[in-house]
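Peer 1: Once you've had a glance at the structure underneath, I'll fire off some questions.
The values are calculated or read from the model by the stated rules, or taken from the named source; none is laboratory data. All of these numbers come straight from a predicted model, not from anything done at the bench. Note that we place each Cβ from the backbone using ideal geometry, even for glycine, and neighbour counts take in every protein chain shown.
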């Protein structure tokens, strides 16, 4: 699926009608809008959770979410996952391990991500990776220019993974958390190590997003907007560098500033 559809809309062209009503003239015009679908995830045929997403990189989204949150304790294979596209996107995961879903909450993110806070075990990131301020600004411009679905619809969030030179993967979704989960899932499926990497994000850095990155010891998380106070506390505690408000000539570093040189 392309992640967007064409839809007929009514658009005001700004000219008054020649008739007595004086109403503005409306004209039909095609516009691109992002698709939103409910994703229902089952394990061994039993529905476990559902959320709304942009129905691209669905396998990566589920892998990123399940691996980060340790939802299945034991053996399961992402390649055996079945995905059925329709009015809803239905995913079923055959698994031998125990499924643990207690404590699931809807996050503060738009559309609602899912997190299982009781099982998110974090260890301090001691990755010595560093990047210059100028290289980070150049990299973020590349990231923004690569967000094709955003440029066409204006209503999705983007996330990307970079080694400081190239953008290795980019994902877009109506949910900020979903986009980050897609990137994590992609890296896991492609056996990309998280050491020496930067998570790039278009939206607010919440505590959940920073926690996801800290879980995988991604050393730098950078966004064009701000982090929350709890996100900064988590980053400081776990040695993650958080960069926000990246603009053409400036940005703010909120934690572990030694990685920015």
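Peer 1: Inspect segment 21-31 for any residue being more than 24 Å from the chain's Cα centre (by Cα), modelled with pLDDT of 75 or more and at positive phi and give the result as yes or no.
Peer 2: No, segment 21-31 contains no residue that is more than 24 Å from the chain's Cα centre (by Cα), modelled with pLDDT of 75 or more and at positive phi.
Peer 1: Still on this structure, please answer the following. It is to be established whether one or more residues within segment 224-232 are at pLDDT 95 or above, in contact with a helix residue (DSSP H, G or I) (Cβ under 6 Å, 6 or more places away or on another chain), closer than 23 Å to residue 133 by Cα and crowded, with 19+ Cβ neighbours inside 10 Å.
Peer 2: yes
Peer 1: Next up: Do the conditions hold for residue 212, that is, is it touching a residue at least 40 places away in the same chain (Cβ under 8 Å) and on the phi > 0 side of the Ramachandran plot?
Peer 2: no
Peer 1: Something else: For residues that are surrounded by fewer than 24 Cβ atoms within 10 Å (Cβ to Cβ) and assigned to a loop (DSSP other than H, G, I, E, B), scanning just segment 213-223, find the one that is nearest to the chain's Cα centre (by Cα).
Peer 2: Per the criteria, the residue is 216.
Peer 1: Could you look through segment 145-168, keep only residues that are buried (at least 19 other Cβ atoms within 10 Å of the Cβ) and in contact with a helix residue (DSSP H, G or I) (Cβ under 9 Å, 6 or more places away or on another chain), and pick out the one that is modelled with the lowest pLDDT?
Peer 2: It comes out as 156.
Peer 1: May I ask you to list pairs of residues, at least six apart or on different chains, whose Cβ atoms are under 9 Å apart, with the first in segment 20-36 being under 17 Å from residue 172 (Cβ atoms) and the second being at pLDDT 75 or above and part of a strand (DSSP E or B)?
Peer 2: Between residues of segment 20-36 that are under 17 Å from residue 172 (Cβ atoms) and residues that are at pLDDT 75 or above and part of a strand (DSSP E or B), the close pairs are 34/172; 34/173; 36/52; 36/53.
Peer 1: Give just the number: which of (1) within 20 Å of residue 242 (Cβ to Cβ); (2) under 16 Å from the mean Cα position of the chain (by Cα); (3) modelled with pLDDT of 95 or more does residue 177 not satisfy?
Peer 2: Among (1) within 20 Å of residue 242 (Cβ to Cβ); (2) under 16 Å from the mean Cα position of the chain (by Cα); (3) modelled with pLDDT of 95 or more, the lone unmet condition for residue 177 is (3).
Peer 1: Tell me, which residue of segment 233-254 that is in a strand (DSSP E or B) and buried (at least 16 other Cβ atoms within 10 Å of the Cβ) is farthest from the chain's Cα centre (by Cα)?
Peer 2: Per the stated criteria, the residue is 253.
Peer 1: Suppose the filter is in a helix (DSSP H, G or I), in the same structural domain as residue 143 (by TED's automatic domain parsing), under 12 Å from the mean Cα position of the chain (by Cα) and farther than 26 Å from residue 80 by Cα; does residue 210 pass it?
Peer 2: yes
Peer 1: Okay, next question. Based on what the data block shows, is residue 9 touching a strand residue (DSSP E or B) at 6+ places or on another chain (Cβ under 7 Å), modelled with pLDDT under 90 and within 22 Å of residue 183 (Cα to Cα)?
Peer 2: So residue 9 fails the test.
Peer 1: Within segment 196-207, can you find the residues that are part of a loop (DSSP other than H, G, I, E, B) and under 13 Å from residue 240 (Cβ atoms)?
Peer 2: 197
Peer 1: Continuing with the same structure: If you take the residues of segment 58-83 that are in contact (Cβ under 8 Å) with a residue 40 or more places away in the chain and outside any helix (DSSP H, G or I), which of them is nearest to residue 46 (Cα to Cα)?
Peer 2: 71
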